[in-house]
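Comments concern the structure below.
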Amino acid sequence: MTPATGGWEVDADRFGVVLRLLDHQIVGEQGQLLGNVDDLALEETPEGLFVVGFLSGPAALGGRLGGWGGRLLGDAWRRLRTEPEPRQLVVPLERVVRLDSAVRVDTRAGRILAQEQRLELWLRRHVLARIPGAMGGESDPDRPDRPDLRPADGIGVPLRDGQHTVSELLALRALTSDGGALGEVIEVTAERVGGREHGHGDGLGPLRVLDVICSPRHLGQELGYTLTPQGPRLVRWLLRACHRSDRHLHLGDVAEIDWERGELRAGEYAVLRHPHDVD
Amino acid sequence: MKRLFAVALGILTAIGGFVDIGDLVTNALVGARFGMSLAWVVLVGVVGICVFAEMSGRVAAVSGRATFDLVRERLGPRAGLLNLVGSMAVTFLTLTAEIGGVALALELATSVSHLLWVPVVGVAVWLVLWRVKFAVLENVFGLAGLALVVFAVALWKLGPDWGGLASAAMHPSVPVTEDWAVYAYYAVALFGAAMTPYEVFFFSSGGIEEHWTPRELGTMRANVFIGFPLGGLLSLSIAAVAATVLLPRGIEVETLGQVALPVVVAGGKLALAFALLGFFAATFGAACETGLSVGYSIAQYFGWQWGKFVEPLRAARFHVVVVLSCIAAVGILLTTVDPVMVTEYSVVFSAIALPLTYLPILVVANDRTYMGRHVNGWLANSLGTVYLVLVVVASVAAIPLMVITGAGQ
């Protein structure tokens, strides 16, 4: 396995969650590729809104894809699970040891994620292991029947009822205090509150949501131009033109988030500026 | 010394690996119909693939992320999936064309129908992808592909009117016998053949297979900036021999045998043997590269374990995708579809699919958080922007031109 380099670490305290975390590759300690960050779990507490963990796998991806294809993927995942009521596992952000071009997780989280990949494990056992030269075979450490790999050790916790996901947040319709449309949420910025820098262990830890960016357009949402303009002039100019109605909204200025109706309403005195004009 | 050897080996394999069935067929076909009047497109295409490959190789070396990782990350799941479907359809079509090309080369060598060879080639490609080490695969076929140098030798032996060839290349114009739309259609096809998207998927994923770090950037650049242009010269010599031998006699290229015809005229049996070895190595190598590219891209989109740097058992889904694409390609060829025709379509569809992967690479190569001091400079960005416009124009023009010209009739 390759402990591939991951470029520079995302060391900023405040960063775009959609740009830097969502849809990124998850890498284990030995460099194993363990899936993508398909969604993020959010928790509302009296102190604010926090990104607490990530979800990975067909169910989360299906939710992000939407439409009949996404539903099909999610339903197929649920049907193929053995539990009576399958829940998606949330891997807490404390288990993320480093965030660079990949999301690097610790050994235990890596094992849980490897064990959750049922299609991979099924293909290994029933297809690949029968072809000469597949190597590994019985000595494979990721075999699912190893007793220490049960999810009971508390690393992967099922998505709870009170929790929300970033994909729900991204689908919210944003409105001004008098009901004017601001579009949908396309980016969320957050800051580190736990982890190494704050003396809470080694992991990345939960992230406090600071601002949301709303836009009537989704085009190029994850390209990385939402918060800071950079790169070739032509691309920058085209995206700026397309996203000229983007608005930055501090979470403290949000009057209410109605998850049921899928609405986010800005407060009366909310400052709405283009994200490039916010320092 | 060892380092020099590594650089030289890399350059040689880049030359041999540059040419695939698309370049062989399209260059010969264009040379026989348009002489050297489309040589400029090969030049534009080679510069384009250099810009594009260097950027993706640099991103892979610095950030450890291959092309489809970036596509998923920067386009999101939905647009990324559409991109994946489009790019993989084209890469799969190219895989089909390459396997057909290997079978045609074997038919030329053995006089046994290519249809009988197709399943054998399919199994052979899969076996190589299953068992052979990445470095061996890349070097052996790249070096054997150098046998195509026989086209340059043949051109020299034919003793053509060099001034005429050069002036036709320098002053491109639509031949009086051809329509401008047909000319433009083949320009797009040549552009697609030189800049096939799989080359970038393979190049960036290959960088990760070989554990590139920023220290290998020099070697990578030498491969790209020396190897690819020399490979482009090979492409041009294929067009030039066709322009010298086939064009005056009014022979159009419809089979792989006709691609080799000028070499036979120039050098007889021995030259033909080299040409056939070159055909075999170039198409077989490219079949392996496209087969891997299909697996790489799908695995990277979903975040699955991929690559030949792990035991096959650890990358089960990746290897299953590779097996299935080999089987499906063989299946398509067994419908008795003409592999040369598949090739002609595959290069045009390549041109259509180019912007899909080009934009995310350009954007990430500019991301300071990822790239640090290896971020794109003004030259890479200027060329990158020019080529962004070019690939979009070629992509948009391809379908209308195909309809207007009846696919170049």
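The values are calculated or read from the model by the stated rules, or taken from the named source; none is laboratory data. Just so we're clear, the structure is a prediction, and the values are computed from it rather than from any experiment. Please note: Cβ atoms are built from the backbone with ideal geometry, for glycine as well, and neighbour counts cover all protein chains shown.
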**OP:** Can you tell me which residue within region B:295-308, out of those that are polar (S, T, N, Q) and over 19 Å from the mean Cα position of the chain (by Cα), is farthest from the other protein chains (Cβ to nearest Cβ)?
**Re:** B:Q300
Subject >> Index of the failed condition, B:R58 passing every other in (1) modelled with pLDDT under 95; (2) over 25 Å from B:L148 (Cβ atoms) >> reply: (1)
**OP:** Considering every residue within region A:72-88, establish whether at least one is within 12 Å of the chain's Cα centre (by Cα) and surrounded by 21 or more Cβ atoms within 10 Å (Cβ to Cβ).
**Re:** no
Original post:
Going by the structure shown, is B:T219 within 14 Å of chain A (Cβ to nearest Cβ), of a type outside the set (A, V, I, L, M, F, W, C), farther than 18 Å from B:I404 by Cβ and surrounded by fewer than 24 Cβ atoms within 10 Å (Cβ to Cβ)?
Top reply: no
**OP:** For region B:37-85, enumerate the residues that are outside any helix (DSSP H, G or I) and touching a strand residue (DSSP E or B) at 6+ places or on another chain (Cβ under 9 Å).
**Re:** B:G64, B:R65
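Looking at region A:227-248, can you tell me whether even one residue there is of a type in the set (S, T, N, Q), part of a loop (DSSP other than H, G, I, E, B) and within 14 Å of chain B (Cβ to nearest Cβ)?
To start, the set of residues in region A:227-248 that are of a type in the set (S, T, N, Q) comprises A:228, A:230, A:245.
With part of a loop (DSSP other than H, G, I, E, B) added as a condition, the list becomes A:228, A:230, A:245.
If we keep only those that are within 14 Å of chain B (Cβ to nearest Cβ) too, we end up with A:228, A:230.
Yes, there is a match, as at least one residue in region A:227-248 is of a type in the set (S, T, N, Q), part of a loop (DSSP other than H, G, I, E, B) and within 14 Å of chain B (Cβ to nearest Cβ).
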Original post:
Out of region A:54-86, which residues are charged (D, E, K, R), part of a helix (DSSP H, G or I) and under 20 Å from A:Q163 (Cβ atoms)?
Top reply: A:R64, A:R78
**OP:** Please tell me if B:F92 is out of contact with any strand residue (DSSP E or B) (no Cβ under 8 Å at 6 or more places or on another chain), of a type in the set (F, W, Y), away from chain A (no Cβ under 11 Å) and surrounded by 24 or more Cβ atoms within 10 Å (Cβ to Cβ).
**Re:** no
**OP:** Counting only residues that are under 27 Å from B:R65 (Cα atoms), at pLDDT below 90 and more than 13 Å from every other protein chain (Cβ to nearest Cβ), give me the helices (runs of 4 or more DSSP H) lying completely in region A:87-185 with at least 1 of them.
**Re:** A:107-116
**OP:** Take region B:375-409 and flag every residue that is within 12 Å of chain A (Cβ to nearest Cβ) and free of Cβ contacts under 8 Å to residues at least 24 places away in the same chain.
**Re:** B:V375, B:G377, B:W378, B:L379, B:N381, B:S382, B:T385, B:V386, B:V389
Subject >> Residue check for B:G372: at the interface with chain A (Cβ under 7 Å from one of its Cβ atoms), under 23 Å from B:H211 (Cα atoms) and in contact with a Ser or Thr (Cβ under 8 Å, 6 or more places away or on another chain) >> reply: no
Original post:
How many residues does region B:363-386 contain that are surrounded by 24 or more Cβ atoms within 10 Å (Cβ to Cβ) and over 20 Å from A:V10 (Cα atoms)?
Top reply: 1
Subject >> helices (runs of 4 or more DSSP H) lying entirely in region B:205-320 (those with 3 or more residues that are under 18 Å from B:W156 (Cα atoms)) >> reply: B:228-249, B:256-302
Original post:
If A:G31 passes every condition in (1) more than 28 Å from A:V212 (Cβ to Cβ); (2) not in a loop (DSSP other than H, G, I, E, B) but one, which one does it miss?
Top reply: (2)
Original post:
Among all residue pairs at least 6 apart or on different chains, which show Cβ distances below 8 Å where the first residue, located in region B:134-162, is surrounded by fewer than 17 Cβ atoms within 10 Å (Cβ to Cβ) and the second is not aliphatic (A, V, I, L, M) and not in a helix (DSSP H, G or I)?
Top reply: B:A135/B:E210
Subject >> Unique residue being away from every other protein chain (no Cβ under 14 Å), hydrophobic (A, V, I, L, M, F, W, C), under 18 Å from the mean Cα position of the chain (by Cα) and over 18 Å from B:S293 (Cα atoms) when the list is B:V337, B:V348 >> reply: B:V348
Original post:
Can you name the residue in region B:309-330 that is touching a Gly at 6+ places or on another chain (Cβ under 9 Å) and away from chain A (no Cβ under 14 Å) and is also farthest from B:T405 (Cα to Cα) among such residues?
Top reply: B:S325
Original post:
Quick check: anything in region B:148-160 within 22 Å of the chain's Cα centre (by Cα), β-branched (V, I, T) and more than 28 Å from B:L43 (Cβ to Cβ)?
Top reply: no
**OP:** Take region A:30-43 and flag every residue that is in contact (Cβ under 8 Å) with a residue 12 or more places away in the chain and in contact with a strand residue (DSSP E or B) (Cβ under 7 Å, 6 or more places away or on another chain).
**Re:** A:L34, A:G35, A:N36, A:V37, A:D38, A:D39, A:L40, A:A41, A:L42, A:E43
**OP:** Might you let me know whether region A:21-37 holds any residue that is crowded, with 21+ Cβ neighbours inside 10 Å, acidic (D, E), facing chain B (nearest Cβ under 9 Å) and in contact with a Pro (Cβ under 7 Å, 6 or more places away or on another chain)?
**Re:** yes
Subject >> Count - residues of region A:154-193 that are charged (D, E, K, R) and closer than 17 Å to A:A270 by Cα >> reply: 3
